[in-house]
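Below is one structure, written out as structure tokens; the observations come after it.
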Amino acid sequence: MASNARSGSASSAHMLSAAQRETYHRDGFVIVPGLLAADEVAPIAAACREDPSIGGAICAIADSSGNAQDFVQWTERSDDLIGLMPYIARLVLNADALIGREVYHWHSKFVMKPPKSAGRFDWHQDYGYWYYEGCLLPDMLTAMIAVDAMDRENGGLQLLRGSHKMGRLDVQRVGAASGADTERLALAKARYELVHCELAPGDAIFFDALTLHASGANPSTRSRTALHCSYSAADNAPFTDSAPGHRYRPIEVLPDDMIRAGRWSSVFRNHEFIKLDVGGAVHGDSPISFQVVDPVTRSPGGGAAPR
Ligand SMILES: O=C(O)CCC(=O)C(=O)O
């Protein structure tokens, strides 16, 4: 078992086995069927279906072809289900075990692909971006939980098995977006196996911040919503202080049963999301930026100042 500086009596009945941790380190990811039970993600799926605008907070960025890819992101804890989810024991303690020491919550997001939507995530490493936010080490990961079933037909996550071993690749402009260095990406695609992630609601994948990944359009009639909870080693907080939401804050681990026990107020009604201005950019005017587009009209609007 990896060393864990976390004090107290936090525990989970859903800890990854030694073989699963070994798979993560060898492949750069591990798929964990049933990390959450279908009934534990059902309230989230229902709330997203009922209000696909997520209380009007939904944002979109342009992919390399200029298509809008919807998402909504947050760093803050709240009493809502999604404001508490990143702190539940089975996510935090497994992240501790995979990183090898105490982690803290970096950020979380919903990534939505509505039926018949064109938006994609171009090939990238998450650490390609987090490097520029001032994290010295790539000791960061994401636990992605399927809210809806995800497969090849509805824009499921794709990964290159073992690609984390390449280390950090440069990020460059790719069409209307940014993504991994295209020359090295082509070599990586020739060398590493392409894995299409097929998940049922509640299944999860933990993936390394250096693992190359992407996702395609959703030409199907089914929605594809995923919850991403990302973590960084506690000793890896940014040396810049440009994003206060990314500062180290110790996690108070929540018991796994808090979802079924209903110890949350609503799914996301009172939750605070990060706001992005349509017409602006994520990561400002830099090679790693993304253009913020309107999730409804699916085009740049507004002319708001870049963030
Ligand atoms: O959920 C997806 O399709 C991938 C999202 C992703 O790669 C990201 O948010 O960095």
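The set of residues from the range 264-278 being of a type outside the set (Phe, Trp, Tyr) and either surrounded by fewer than 16 Cβ atoms within 10 Å (Cβ to Cβ) or touching a strand residue (DSSP E or B) at 6+ places or on another chain (Cβ under 7 Å) (or both) comprises Ser265, Arg269, Asn270, His271, Glu272, Ile274, Lys275, Leu276, Asp277, Val278.
Which one is surrounded by the fewest Cβ atoms within 10 Å (Cβ to Cβ), of the residues in the range 156-173 that are in a strand (DSSP E or B) and within 14 Å of the ligand (Cβ to nearest atom)? Looking at residues that are in a strand (DSSP E or B) and within 14 Å of the ligand (Cβ to nearest atom), I get Gln158. Among the residues examined, Ala233 qualifies as in contact with an Asp or Glu (Cβ under 7 Å, 6 or more places away or on another chain), at pLDDT 95 or above and not polar (S, T, N, Q).
Looking across the range 63-121, the residues that are touching a Pro at 6+ places or on another chain (Cβ under 8 Å), hydrophobic (A, V, I, L, M, F, W, C) and over 21 Å from Asp235 (Cα atoms) come down to Ala68, Leu81, Met112. Tell me yes or no: at least one residue of the range 82-89 is surrounded by 19 or more Cβ atoms within 10 Å (Cβ to Cβ), within 16 Å of the ligand (Cβ to nearest atom), modelled with pLDDT of 95 or more and over 28 Å from Ser289 (Cβ atoms). Yes - at least one qualifying residue is present in the range 82-89. Residue pairs whose Cβ atoms lie under 9 Å apart, sitting 6 or more positions apart in sequence or on different chains, and linking a residue in the range 153-181 that is among the polar types (S, T, N, Q) to a partner that is assigned to a loop (DSSP other than H, G, I, E, B) and away from the ligand (no atom under 16 Å from the Cβ), are Asn154/Thr221; Ser163/Tyr192; Gln172/Asp181; Gln172/Pro287; Ser178/Ser286; Ser178/Pro287.
The values are calculated or read from the model by the stated rules, or taken from the named source; none is laboratory data. Quantities reported herein were computed from a predicted structural model and do not represent experimental measurements. Cβ sites come from the backbone with ideal geometry, for glycine too, and all protein chains shown count toward neighbours.
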